[in-house]
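Colleague: Here it is, the structure in full.
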Amino acid sequence: MRLHLIETGAQAFMAKGYHAVGLKEILDDARVPKGSFYYYFRSKEDFCIAIIDHYIRLYAERHLAVLYDKTRPAKDRLLAFFAQEKEYFREKQCQHGCLLAKLALEMALLSEPIRAELERGMNGWIRTVAACLAEGVAAGEFALFRPPAVMAEFLYASWAGALTRMQATRSVEPLDIFIAFAAREISGQPS
């Protein structure tokens, strides 16, 4: 039941945001009584943190996994990761962005525990991409003008911006632009 609540809440937060959806709506959608919610979670804030934690784990398993595949060159893994992400968002008709980015815009200044959990998730993405970049530099695949950690931070911020633009335009074109730019940057080519 806890997982069912988390999955229902994640869908609601992705669709409407934290403040626009109430617990009653989530509980009604999940067909779970209010008392059961408070058995698993102390508050809506605690519930949101559990959703973020769940999202981070699922994202690592389903999306970041390509970056861990040491049988492929780092450059191939990194570009495959972004191509896979683009296809995922195309399938979602550009209406499904990043839950972490969505919640960060709404909650980072309002809840320190939620902000800290969001930062943990974002840092995991950045560390994973930085490790892939570092492997690529060591293998001579990348010619970075910046240290891998700085480049990964830049890629995260740029990717989050491209996702926001994608939702506004209802087109994957901003993701195509990001991928082309990222490929040039990691290859050390002028933009």
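The values are calculated or read from the model by the stated rules, or taken from the named source; none is laboratory data. Just so it is clear, the structure is predicted and the values come from calculations on it, not from any experiment. Using ideal geometry, Cβ is built from the backbone for each residue, glycine included, and neighbour counts are taken over all protein chains shown.
Colleague: Restricting attention to the range 27-45, report how many residues are without any contact (Cβ under 8 Å) to a residue 24 or more places away in the chain, within 21 Å of Leu118 (Cα to Cα) and not basic (Lys, Arg).
Modeller: 1
Colleague: Hey, can you tell me all the residues within the range 94-114 that are at pLDDT 95 or above and more than 15 Å from Gly17 (Cα to Cα)?
Modeller: Glu112, Pro113
Colleague: Can you tell me which residue is modelled with the lowest pLDDT among those in the range 160-191 that are surrounded by 13 or more Cβ atoms within 10 Å (Cβ to Cβ) and within 19 Å of Ala134 (Cα to Cα)?
Modeller: Ser187
Quick grid of which residues meet (1) in contact with a helix residue (DSSP H, G or I) (Cβ under 6 Å, 6 or more places away or on another chain); (2) closer than 22 Å to Lys86 by Cα; (3) of a type in the set (Asp, Glu):
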| position | (1), (2), (3) |
| --- | --- |
| Arg2 | yes, no, no |
| Leu5 | yes, no, no |
| Ala12 | yes, no, no |
| Ala15 | no, yes, no |
| Tyr18 | yes, no, no |
| Ser36 | no, no, no |
| Phe41 | yes, no, no |
| Cys48 | yes, no, no |
| Arg57 | no, yes, no |
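Colleague: So Met151 clears everything in (1) buried (at least 19 other Cβ atoms within 10 Å of the Cβ); (2) farther than 19 Å from Asp76 by Cα; (3) touching a Leu at 6+ places or on another chain (Cβ under 7 Å) except one condition, right? Which one?
Modeller: Failed condition: (2).
Colleague: Suppose we keep only residues that are over 16 Å from the mean Cα position of the chain (by Cα) and of a type in the set (Lys, Arg) within the range 160-190. Which one would you say is nearest to Tyr88 (Cα to Cα)?
Modeller: Arg170
Quick grid of which residues meet (1) touching a Ser or Thr at 6+ places or on another chain (Cβ under 6 Å); (2) surrounded by 12 or more Cβ atoms within 10 Å (Cβ to Cβ); (3) in a loop (DSSP other than H, G, I, E, B):
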{"residue": "Leu5", "(1), (2), (3)": "no, yes, no"}
{"residue": "Ala20", "(1), (2), (3)": "no, no, yes"}
{"residue": "Glu25", "(1), (2), (3)": "no, yes, no"}
{"residue": "Asp29", "(1), (2), (3)": "yes, yes, no"}
{"residue": "Gly35", "(1), (2), (3)": "no, no, no"}
{"residue": "Arg42", "(1), (2), (3)": "no, no, yes"}
{"residue": "Cys48", "(1), (2), (3)": "no, yes, no"}
{"residue": "Ile51", "(1), (2), (3)": "no, yes, no"}
{"residue": "Tyr55", "(1), (2), (3)": "no, yes, no"}
